[in-house]
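See below for the structure under consideration.
The values are calculated or read from the model by the stated rules, or taken from the named source; none is laboratory data. None of these values were measured; they are calculated from a predicted model. Every residue, glycine as well, gets a Cβ built from its backbone with ideal geometry; the counts of neighbours run over all protein chains shown.
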Amino acid sequence: MTTMWKLLHKLKDAVIYDADREFYAKVFPDSVNPRDLMRIRKMDHADLAQVLTIEQRNYEFPWSEGVFKDCFRTMTYSNWVCETPDDAIAGYGILSVAAGEAHIMNISISPRFQRQGVGRKMLIHLIEYARPKAEKMFLEVRPSNPGAIDLYHKTGFRQMGVRKDYYPAKQGREDAIMFELDLVRRI
């Protein structure tokens with residue numbers, strides 16, 4: 001019964017606007033975690049300018065606008081943004097789900113919102129979105145990104161291998177650490 005109530009509250013928080021939470025955030029700013037006021041929603045074409053800005057700030061070899069537009073056209077891709085109450089994009093995630101597998105293609109958080117739980121919020125959203133559609137989730141990460149590696153470990157991902165010379169880098173190529181998560185078990 002407790003699990004059902006937790007699920008109901010999670011659904012309510014996702015669907016129903018919480019005026020009390022926003023009121024307390026304005027009147028008593030320290031009473032509400034700013035991350036709790038952010039919402040995750042489907043990405044649309046109007047978000048591309050902010051998404052591209054985040055992408056370019058975070059990566060030496062960023063995805064192009066064309067790559068993001070392809071993500072909109074590809075039926076197996078699901079594109080998400082995390083939006084602040086003032087409509088700024090704090091981060092985004094791109095997920096591919098097909099043939100019982102989910103693959104996180106990209107998660108990126110604006111430097112202004114890094115280390116505040118936004119990446120975890122996006123990651124958990126992608127996991128829960130994929131859970132009814134896939135049995136396993138996969139992703140790759142640069143070894144030079146210890147913050148992301150730590151987040152993936154804490155979220156239940158396990159390292160399953162290395163892809164040699166996967167990413168472009170200033171000094172040639174960088175390996176990718178491959179991670180997987182069993183979506184059948186709960187995190």
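For (1) modelled with pLDDT under 95; (2) closer than 16 Å to W63 by Cβ; (3) aliphatic (A, V, I, L, M), each residue gets a yes or a no:
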{"residue": "M105", "(1), (2), (3)": "no, yes, yes"}
{"residue": "S110", "(1), (2), (3)": "no, yes, no"}
{"residue": "K136", "(1), (2), (3)": "no, no, no"}
{"residue": "Q171", "(1), (2), (3)": "yes, no, no"}
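From the list T84, T76, the one residue that fits, being among the polar types (S, T, N, Q) and within 23 Å of G147 (Cβ to Cβ), is T84. Quick check: anything in segment 125-141 assigned by TED's automatic domain parsing to the domain that holds P85 and over 19 Å from N79 (Cα atoms)? Taking every residue of segment 125-141 in turn, at least one turns out to be assigned by TED's automatic domain parsing to the domain that holds P85 and over 19 Å from N79 (Cα atoms).
I104 meets the stated requirement of being outside any helix (DSSP H, G or I) and among the β-branched types (V, I, T).
Would you call V184 surrounded by 18 or more Cβ atoms within 10 Å (Cβ to Cβ) and either outside the structural domain of A98 (by TED's automatic domain parsing) or of a type in the set (A, V, I, L, M) (or both)?
Details: surrounded by 18 or more Cβ atoms within 10 Å (Cβ to Cβ): no; either outside the structural domain of A98 (by TED's automatic domain parsing) or of a type in the set (A, V, I, L, M) (or both): yes.
Taking the combined requirement at face value, the residue does not satisfy it.
From the list C71, C82, the one residue that fits, being part of a helix (DSSP H, G or I), assigned by TED's automatic domain parsing to the domain that holds E135 and under 19 Å from I40 (Cα atoms), is C71.
Residues in segment 29-72 that are under 28 Å from A169 (Cα atoms), charged (D, E, K, R) and at pLDDT 95 or above: D47, E55, R57, E65, K69, D70.
Table: residues versus (1) touching a residue at least 12 places away in the same chain (Cβ under 8 Å); (2) within 20 Å of T53 (Cα to Cα).
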site	(1), (2)
T74	yes, no
C82	yes, yes
P85	yes, yes
A99	no, no
N106	yes, yes
S110	yes, yes
F113	yes, yes
R120	yes, no
H125	yes, no
